[in-house]
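Enquirer: Below is a structure I'd like to ask you about.
The values are calculated or read from the model by the stated rules, or taken from the named source; none is laboratory data. Here the structure is a predicted model, which is why all the values come from computation and not from measurement. Cβ atoms come from the backbone with ideal geometry, glycine included; neighbour counts cover every protein chain shown. To get the accessible areas, we keep the full protein, side chains included, count just its heavy atoms, and leave off ligands, DNA and RNA. Shrake-Rupley method; radii C 1.70, N 1.55, O 1.52, S 1.80 Å.
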Amino acid sequence: MSFRTVLTIAGLAQDESALQQAAALCEEAHAHLSVLVMALAAPPPVGEYAAVLSDAWMQERQADLEQLKASEEAVSRCLAKTALSADVARDYPELAWADEVIGRRGRYADITVVWPDLPFDDISRNKAIEGALFSSGKPLLLVPEGWRATFGPKRVMIAWDSRLEATRAVRESVDMLQGADEVRLVLVDPVESENGHGAEPGADAAAFLARHGAKVTVDRLPSQGHTVAEILRRHAVDCATDLVVMGAYGHSRMRERIFGGVTKSMLEEPPVPILMAR
């Protein structure tokens, strides 16, 4: 599908270069940019010391709200310098609800983009990612340090495992795949199975993509003792890939957090921009 509305998240200490990247991406796609300026609220004090702490908590909250309003105004001024269609909103949720807030905003966009230089700590960044993937119903584009985001990649790699999540990611990116010079459908240790890859792993997916006009090649790769994420990262670099398309959290979030998984590993060390969906 084409991306007509792009959501991105900003923090209190906004870096103007990140907004410029977001604006450039939307100008390239003739898309509307929606910016959510957000800070995380400390939960109200409870227990026997609540009365003692409540004044300090209120002062901190008021200072945060004032800074949040100032940041929203700064983002609006920055975007006003462009000819871009855009809107700016602000929110101040507690940590436990941050992903839901981001997810709700994401439902009115076509994709959520998370940038490396937005002034977020790891907790906030994870909340932005989880909100996009689990609460918006829309895909996520994760842009690593040193990369410029684009909706017109020339070389795309699809991490294909025949799961529903990967199917959704492919469907969300089909317009980009049509315009790419090269699409590599990558399967790691594929197994012939009636309920999985079929009699010829990758053949059905490749045929589907070809009917959409994609120039697709199937790469079946052995893991040879390496993790799937390691193989995908290495192949993305070897093929000079501009974008990886993959499903997210084929297993539960809890299982991936405890035992690790492909999604968790790729989110922590993205080799190139990654479009994820579930």
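Enquirer: Inside the range 49-73, can you point out the residues that are more than 29 Å from Ser17 (Cβ to Cβ) and either part of a helix (DSSP H, G or I) or modelled with pLDDT of 95 or more (or both)?
Expert: If the condition is that a residue be more than 29 Å from Ser17 (Cβ to Cβ) and either part of a helix (DSSP H, G or I) or modelled with pLDDT of 95 or more (or both), then Ala50, Ala51, Val52, Leu53, Ser54, Asp55, Ala56, Trp57, Met58, Gln59, Arg61, Gln62 are the ones that fit.
Enquirer: Follow-up. When residues of the range 179-208 are filtered for being at pLDDT 95 or above and polar (S, T, N, Q), how many remain?
Expert: Result for the range 179-208: 0.
Enquirer: Here is a further query. For a quick check of your reading of the model, give me the residue pairs whose first member lies in the range 81-106 and is within 18 Å of Ser135 (Cα to Cα), whose second is open to solvent by 70 Å² or more (accessible area, probe 1.4 Å) and among the β-branched types (Val, Ile, Thr), with beta-carbon atoms closer than 7 Å and at least 6 apart or on different chains.
Expert: Leu95/Ile123
Enquirer: Take the residues in the range 86-106 that are acidic (Asp, Glu) and assigned to a helix (DSSP H, G or I), then tell me which one is nearest to Ile9 (Cα to Cα).
Expert: Asp99
Enquirer: Between Arg104, Arg171, Arg163, Arg155, which is within 25 Å of Ala205 (Cβ to Cβ), out of contact with any Leu (no Cβ under 8 Å at 6 or more places or on another chain), surrounded by fewer than 22 Cβ atoms within 10 Å (Cβ to Cβ) and at pLDDT 95 or above?
Expert: Checking each option against the conditions leaves just Arg171.
Enquirer: May I pose another question? Please determine whether any residue of the range 252-272 is assigned to a helix (DSSP H, G or I), of a type outside the set (Ser, Thr, Tyr), modelled with pLDDT of 95 or more and surrounded by fewer than 13 Cβ atoms within 10 Å (Cβ to Cβ).
Expert: no
Enquirer: Within the range 1-36, restricting attention to residues that are exposed (fewer than 14 other Cβ atoms within 10 Å of the Cβ) and in contact with a helix residue (DSSP H, G or I) (Cβ under 7 Å, 6 or more places away or on another chain), which residue is farthest from Gln67 (Cα to Cα)?
Expert: Met1
Enquirer: If you don't mind, another one. Name the residues in the range 174-203 that are aliphatic (A, V, I, L, M) and either surrounded by 15 or more Cβ atoms within 10 Å (Cβ to Cβ) or within 15 Å of Thr217 (Cβ to Cβ) (or both), would you?
Expert: Scanning the range 174-203 gives Val174, Met176, Leu177, Ala180, Val183, Leu185, Val186, Leu187, Val188, Ala203.
Enquirer: Is the range 74-87 home to any residue that is in contact with a Lys or Arg (Cβ under 9 Å, 6 or more places away or on another chain) and either open to solvent by 10 Å² or more (accessible area, probe 1.4 Å) or modelled with pLDDT of 95 or more (or both)?
Expert: No, the range 74-87 contains no residue that is in contact with a Lys or Arg (Cβ under 9 Å, 6 or more places away or on another chain) and either open to solvent by 10 Å² or more (accessible area, probe 1.4 Å) or modelled with pLDDT of 95 or more (or both).
Enquirer: Sticking with this structure for a sec: Identify the residue in the range 237-251 that is of a type in the set (Gly, Ala, Ser) and either modelled with pLDDT under 60 or surrounded by 15 or more Cβ atoms within 10 Å (Cβ to Cβ) (or both) and, among all such residues, is nearest to Gly131 (Cα to Cα).
Expert: Going through the qualifying residues, I end up with Ala248.
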